[in-house]
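Here's the structure, in structure tokens; my notes come after.
The values are calculated or read from the model by the stated rules, or taken from the named source; none is laboratory data. Fair warning: this is a prediction, and the values are worked out from it, not measured in the lab. Every residue, glycine as well, gets a Cβ built from its backbone with ideal geometry; the counts of neighbours run over all protein chains shown.
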Amino acid sequence: MASPSTSISRVEFSTGFHEFDLAAGQAGFIGPSVLRPHAVSQKSGSIGQVPVEQLLQERETKRAPRSGYSRGNFTFGTIDFNCVEHGAEEILDDAELAAYADLLDQEAVAAARARDAVLRDFEREVAAAIYDPSVWTGGLTTGVTDEWDDAENATPIDDVHAAKQTVHDRCGFWPNAMILNQKQFNALQVADQILDRVAYGTSGEPSVVTASTLAQVFGLDRILIGSGTYNSAAEGQSLSVEPIWSDEYAMVCRVATGNDVSEPALGRSFLWGGDGPTGFDGETIGIELTEYREESVRGSIIRARCNWDLVVTLSNAGQLLSNVIS
């Protein structure tokens, strides 16, 4: 028989489900905006989804006297999910706690590091799922002719508008977002074709190109800029910084804006918190922080943990752009 856990829930350091995307955004991560989180009550299962072709089905709405109204006859498909546990731990050594007690709150620092490790892994998994060439095959990928860091010759407006039209023709809905990394965003800020469309300020100099400016130029609701990085070197080796979101790719897509899983969108991230606590306000915990004693290191262990599954539900809602920047 398994022994009961002796860990203590640290709700004050935990991240509520509705704060999951906020915590990620503060770290420069866009994963929850790309694959909007959806809380589920089971670790694995299926959720009903109305197919896009039925959402767009033409229907007669005219009603004759003494007759009924047109009624929907939706049949549900399913989205299958299987949430996997992820976690990271940090040591709170008794000696270090005593030595630095007056300098910093080591509990808060350790909790932040553990939470960051989980969020960074989530971000990397989302990026890997979205920039997976085995998913975006055939007409789902378009190669950029002139790379976007070629300021004089790049045609990002043409590239994005063509991708928007392709997505619309394929699934019947217009994209509402574009996924970029910071280097690509920096290149677009000085691209001639972008600057030619941006209004000039009172000084006679071009206005600063912001994310909202780009959204207006491209006719999109949002520009999602993933600025997160990771160390790709093996442990103990020299630092090798890599962007989580590749320079090679960008994506024009439709991302979810609400909690209805039938909303036509690229996909969802399913979060399960059934084996953890709820917050003080009754909210489900997205990332649970716990603490337990470990005498072998003469200290306490802070653990961050989360259960998730990432599901691309409508690949037709995205157009992958390749060769964006070498």
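Here are the numbers for the structure shown:
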item	result
Residue ID - modelled with the highest pLDDT, chosen from residues in the range 269-285 that are within 18 Å of S7 (Cβ to Cβ) and touching a strand residue (DSSP E or B) at 6+ places or on another chain (Cβ under 7 Å)	G273
Condition broken by R59, with the remaining ones in (1) in contact with a Gly (Cβ under 9 Å, 6 or more places away or on another chain); (2) at pLDDT 80 or above satisfied	(2)
Pair list, Cβ under 7 Å, 6 or more apart: the range 161-174 residue of a type in the set (K, R), other residue part of a helix (DSSP H, G or I) and surrounded by 14 or more Cβ atoms within 10 Å (Cβ to Cβ)	R170/N316
Long-range neighbours under 6 Å by Cβ, at least six apart or interchain, first residue closer than 30 Å to E295 by Cα within the range 7-33, second surrounded by fewer than 16 Cβ atoms within 10 Å (Cβ to Cβ) and at pLDDT 80 or above	S7/Y292
Residue within the range 42-51 that is surrounded by 11 or more Cβ atoms within 10 Å (Cβ to Cβ), modelled with pLDDT of 80 or more, under 29 Å from A110 (Cβ atoms) and in contact with a Leu (Cβ under 9 Å, 6 or more places away or on another chain) present	no
Candidates T155, T141, filtered to the one that is within 30 Å of Q193 (Cα to Cα), surrounded by 14 or more Cβ atoms within 10 Å (Cβ to Cβ), among the hydroxyl-bearing types (S, T, Y) and more than 24 Å from the chain's Cα centre (by Cα)	T155
Single residue of I179, I157 found to be among the β-branched types (V, I, T) and over 27 Å from R268 (Cα atoms)	I157
Strands (runs of 3 or more DSSP E) within the range 283-326 that include 1 or more residues under 23 Å from D169 (Cα atoms)	299-312, 318-322
Pairs where the first residue, in the range 243-267, is without any contact (Cβ under 8 Å) to a residue 60 or more places away in the chain and under 17 Å from N176 (Cα atoms) and the second is assigned to a loop (DSSP other than H, G, I, E, B) and of a type in the set (A, V, I, L, M), C-beta under 8 Å, 6+ apart	E263/A256
Only one of E147, E235 that is more than 22 Å from L119 (Cβ to Cβ) and of a type in the set (D, E, K, R)	E147
